Amino acid sequence: MLALTELGQRLRQERESKGLSLEDLQKLTKIQKRYLLGIEEGNYEVMPGKFYVRAFIKQYCEAIGLDTDAIFEEYKSDIPSTQTEDIPQQLSRVRSRKEIPQHTKGVSKAYDYLPTVLVVAGVVVVGIIIWVIAQNIVSDRNKEQATQDAPNSEVQQSNTQEETNDTTAKNDNSTSEDDQSAADKKEQEKEKAAKEKAEKEKAKKEKADKEKKDSGKQEYKEVQKIGRSATYALSGTDAFNLEVTSTQADTWLDVKNGKGNAFFSSILKKGETKEFDLTKETEARVNIGYSPGVELKVNGKAVDLPFDSSKQVRQVVTIQYQPAEAQ
């Protein structure tokens, strides 16, 4: 096993402190596990090219929430600069004049095989002619047989049609009973679906009314911004419900209260939503490892992330909550 470089040791410690395995990091960065292990061990020879070393290290840092520029500056001695790959020289395919057969010898050899070629061609032509004649004879016999069998086929077809009509009549009676049973079952399913739909709409309306009531007096305002962190104050409401959804890719999510107790600290998968009831808390800290596509809602109302996610991938949002009844 290779000895870890200072950079590799720093990255591995940061990854393990986040509770991430190499498999988790592979899902986040889309970089193969063996390349991630190569970065930690300083074994850049496993990379597909030296150009990818810096790019992979940058993605690794962003996924675990490290400042890429600072890492590159601090460990520049451990990170190779981009170099142009050597292009292998084409091997010469020029043949020497001695390897090329002389023209006169080739022509002479071709004349030696000419009689054999003519005989084989003649045999093939005769075979084709015999095959065509045989096909014509078989075709004529098939036509005569079809003409003789036509009257018998018509009688057999007539009998078959009568049997089919009898069977259809019996099936019609059976089908009418099955149709009635199916209709009753379909009507019951329809009534059940209508009832479930009405209950869902009622619950949805009640939830919307509650959110509307809360959002009417709720106030969510910015207090300060420092680096990649921002603080907001939530007031004018008796509830503090937080929803976090990732719509574009898997992301690291860490949600803690003001005392440092964690509500969630793991991977939030693409398309997944996590809900947190923080009504009894006075402060919540939301650490987002990969912010593009992440949506926040406070009491059902969407709120913007503090920074442009294309420029600030990792973001930390602190929300200070003061219930309305305490104001």
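Given a 1.4 Å probe and heavy atoms of the protein chains only, how would you sort W131, W252, largest accessible area at the top?
Sorted by accessible area, descending: W131, W252.
Quick one: what are the phi-derived ³J(HN,Hα) couplings along the stretch 307-321, Karplus 6.51/-1.76/1.60 with θ = phi - 60°, whole Hz, x for glycine and proline?
The phi angles translate into 10, 5, 5, 6, 9, 10, 5, 8, 9, 10, 10, 10, 10, 9, 10 Hz.
Scattering from the C-alpha atoms of the stretch 8-70 alone, worked out with Debye: what is log10 I(q)/I(0) at q = 0.19, 0.21 1/Å?
One equal scatterer on each Cα of the stretch 8-70 leads to -0.62, -0.77.
Under 5 Å between amide H atoms, partner at least 5 residues away or on a different chain: which partners does Y232 have, H built in plane at 1.01 Å?
Those lying under 5 Å, H to H, from Y232 are V223, T318, I319, Q320.
Separation between the D69 and Q224 pseudo-spin-labels, each 7 Å from Cα along Cα→Cβ, expressed in nm?
2.2 nm
Would you mind classifying the stretch 192-327 by shape? Square roots of the alpha carbon gyration tensor eigenvalues, ordered a ≥ b ≥ c; an a/c under 1.5 is rounded, otherwise it is prolate if a/b is larger than b/c and oblate if not. Could you put the intermediate results ahead of the total?
Values: a/c = 1.99, a/b = 1.28, b/c = 1.56.
Note, shape of the stretch 192-327 comes out oblate.
Please list 3J(HN,Hα) in residue order for the stretch 11-21, calculated via the Karplus relation 6.51 cos²θ - 1.76 cosθ + 1.60 where θ = phi - 60°; whole Hz, with x for glycine and proline.
Running phi through 6.51 cos²θ - 1.76 cosθ + 1.60 with θ = phi - 60° gives 5, 5, 4, 5, 5, 5, 5, 7, x, 9, 8 Hz.
What do you get for Rg/Rh over the stretch 194-269 if you use C-alpha atoms and the Kirkwood form of Rh?
Value, to two decimals: 1.07.
Give a residue-ordered list of calculated ³J(HN,Hα) values for the stretch 268-280 (Karplus: 6.51 cos²θ - 1.76 cosθ + 1.60, θ = phi - 60°; whole Hz; x for Gly, Pro).
9, 6, 4, x, 8, 10, 10, 10, 10, 9, 10, 4, 8
Probe 1.4 Å, all protein chains in place: accessible area of K50 in Å², nearest 10?
Surface open to solvent at K50 totals about 90 Å².
Taking amide H atoms as placed 1.01 Å from N in the peptide plane, list the residues 5 or more away in sequence, or in a different chain, whose amide H sits under 5 Å from that of E283.
Residues meeting the criterion, in which the H sits 1.01 Å from N, are G258, Y321.
Can you list residues whose amide H is under 5 Å from N241's amide H, if they're 5+ apart or on another chain and H is modeled 1.01 Å from N?
Placed amide hydrogens put L278, N299 under 5 Å from N241.
The values are calculated or read from the model by the stated rules, or taken from the named source; none is laboratory data. No experiment lies behind these values; they were computed from the predicted model shown. Reconstructed Cβ throughout: ideal geometry from the backbone, glycine too, with neighbour counts over all protein chains shown. SASA here: full protein model, heavy atoms, side chains in, ligands and nucleic acids out. Shrake-Rupley method; radii C 1.70, N 1.55, O 1.52, S 1.80 Å.
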